[in-house]
Amino acid sequence: MVDVSAKVPSKRQAEASAFVLLKPAILEALPRNPKGDPLEVARLAGIMAAKKTADLIPMCHPLSLSHIDVAMRLCENGVSITSIVTTTAPTGVEMEALVAVSVAALTVYDMCKALDKGIEIREVVLQSKSGGKSGDYRRKKT
């Protein structure tokens, strides 16, 4: 791991997003999923995953997270997932935000795979980050 002991703790925040492409029939079946509400289970999985990022990514620093928000939004062709993660630490939370949306997307897949193995997870990206020596970043709209 990189030595961050000389860095000053500061407020840092990162936002990430992902998209799960679902066929209309899958979207229609979501409320009747025998495993439970896929969106709520995925939201909780994303929150839990953000807290475990350092256990999953070998060189990530374990961080005390101040806030984690994972939101799911149904769209006409799938589920849009966003996460916002905040800390006051000597290093950023980009990986925590990305892990949150990735695991949430994988959970949607797991909850719906019995209906369609062709579900696609797309566009896992960092949308923005703030704080730290490198300053702010905002993804350009494409």
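Calculate, for GLN127 and GLU40, the FRET efficiency according to 1/(1 + (r/R0)^6) with r their C-beta to C-beta distance and R0 22 Å; round to the nearest 0.05.
Computed FRET efficiency for GLN127 and GLU40: 0.45.
Within the range 79-98, which residues have the backbone N less than 17 Å from the label spot 7 Å out from ASP55 along Cα→beta-carbon, could you tell me?
Of the residues in the range 79-98, 96-97 have backbone N under 17 Å from the label point off ASP55.
Taking the Cβ of VAL85 as the center, what net charge do the other residues with Cβ under 10 Å away carry, scoring Lys and Arg +1 and Asp and Glu -1?
Once positives and negatives cancel, what remains is -1.
What FRET efficiency would be calculated for the residue pair ARG32, ARG138, taking the C-beta separation as r and a Förster radius of 41 Å, to the nearest 0.05?
Step by step, r from the Cβ atoms, then E = 0.60.
Would you mind classifying the range 61-118 by shape? Square roots of the alpha carbon gyration tensor eigenvalues, ordered a ≥ b ≥ c; an a/c under 1.5 is rounded, otherwise it is prolate if a/b is larger than b/c and oblate if not.
Prolate shape, in that a/c is at least 1.5 and a/b is the bigger ratio.
Hey, what angle do you get for helix 38-51 against the long axis of the chain, alpha-carbon based, 0 to 90 degrees rounded to 10?
Value to nearest ten degrees: 20.
According to the Kirkwood expression over distinct Cα-Cα pairs, how big is the hydrodynamic radius of the chain, in Å?
Its Kirkwood hydrodynamic radius stands at 15.7 Å.
Can you tell me the orientation of helix 94-112 relative to the chain, as the angle in degrees between its alpha-carbon axis and the longest Cα principal axis, to the nearest 10?
In the chain, helix 94-112 runs at an angle near 10 degrees to the longest axis.
Using a 1.4 Å probe on the protein heavy atoms only, what accessible surface does GLU123 show? Give it in Å² to the nearest 10.
120
Residues with beta-carbon under 11 Å from that of ALA71, excluding ALA71: net charge, scoring Lys, Arg +1 and Asp, Glu -1?
Taking every other residue near ALA71 into account, the sum is 0.
Do the sum for the chain: with -39,500 (n - 2.57) for every DSSP H run of n ≥ 4, divided by all residues, what is the mean residue ellipticity at 222 nm, to the nearest 500 deg cm²/dmol?
Helices in the chain give a 222 nm mean residue ellipticity of -9000 deg cm²/dmol.
Taking the Cβ of PRO24 as the centre, find all other residues whose Cβ is under 15 Å away and add up their charges (Lys, Arg: +1; Asp, Glu: -1).
With Lys, Arg at +1 and Asp, Glu at -1, the net is -2.
Connecting C-alpha atoms closer than 10 Å in a GNM of the chain, tell me which of LEU126, LEU22, LEU74 has the biggest fluctuation.
Looking only at LEU126, LEU22, LEU74, the largest GNM fluctuation is found for LEU74.
What percent does the relative contact order of the chain come to when contacts are Cα pairs within less than 8 Å and at least six residues apart?
Normalised by residue count, the contact order of the chain is 40 percent.
The values are calculated or read from the model by the stated rules, or taken from the named source; none is laboratory data. A quick note: this is a predicted structure, and the numbers were derived from the prediction, not measured. Neighbour counts are summed over all protein chains in view; Cβ atoms, including those assigned to glycine, are modelled from backbone coordinates with ideal geometry. Note: areas computed on protein heavy atoms with side chains; ligands, DNA, RNA excluded. Shrake-Rupley method; radii C 1.70, N 1.55, O 1.52, S 1.80 Å.
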